[in-house]
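Everything on this sheet refers to the single structure shown next.
FYI, it's all coordinate maths here, none of it is from the lab. Computed from a predicted model, the values in this text were never measured in an experiment. Backbone-built Cβ (ideal geometry, glycine too); neighbour counts: all protein chains shown.
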Amino acid sequence: MRLLIPKIVIAGTGAISGVAMHLDWMANQSPAMDFAVIEVIFRLVLSAIITPLVLWRIHVWIMKRVGGSLGDTHLRQLALWNACSFAPLLVTLFGVSGIVMTREFIVGIITAVIGLNLLGHMIFNSDLSLMKGRGSLGFLFLISGFAALIYQLAWQRALFAAFGVDMESITLVVSVFMFGLGIGSLVGGMLSERFPDRLREMFFACELVIGVFGIASISIIRGASEVAIHGSLLSVGVTIFAILCLPTMMMGATLPILVSYINRTRKNVGNSVGWLYFVNTVGSALAALLTVTLIFPAMGLQGAVWSAAILNFVVAWLVIQNTKTRSSASSTVSAGVA
């Protein structure tokens, strides 16, 4: 029973993605290449069988390498996570909308699968306590920075498409984005001083709000642009600020919150700020590269912000898991003392 759900997940993911990939391959063959109906059926059935088998062998290999030191509960959780990590292969379904599986596209999918597997290993091999060490905390901020840069690029494109690309529009968008980050940093610092025991909860709330807004952001921008597109430069600026003020403030607040958190164990503000800025910049740099070369061509604006929202939800979930783990540990220690 323990392996039933991962088998179902891998079988479904493999069958669907295998058929989609083979359909994409056949669609991009020479027009002179004519496939008989029986041949098409045979190819698709074979793809639906072989791909899940390949994914299952990869899954078993990974579990043998990283699952040996885990308890039974975490082993089941890691097995399910690992099975679900093949979900990026389902993006091949978008082939029906004209996406060609280029070399960069395939490399991006493989990178996503490997990254999710590494993330799963970090989670379950550390007893769901990613916030314990500075390196693990930095990893969360790297993911957060990656998502933030995707948002910035996607929102800029959506706003430029709505209000035009000129010096005024570019200045407005960049200024509002940086203003929101600055105000968010100020507010985040004040809240960190006022509520030092609620830092994890505040970070969770920031990531959750950003993710929820991200899901609806493109629709919000397009709807607001229809109202303000014929207005003055001032009304356009107010509209852009109204759209972006909340998510950018949440993004700006995450840095002082994490600095306060990490500085509780490492009494060195300069070291904490430098470390978090470093990992956040690395995440932003990776996002700048992958968003333009892979995410936008493969998913478009809407798909890009959805992927960023998923990253926000993953970070929020990891923080909540850590909070639960620490609460359980504290209860156990208190019971033992009593």
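Odds and ends about this structure:
- Environment charge at Ile58 (Cβ cut-off 13 Å; Lys +1, Arg +1, Asp -1, Glu -1): +3
- Local net charge near Leu301, Cβ-Cβ under 14 Å (Lys/Arg +1, Asp/Glu -1): +2
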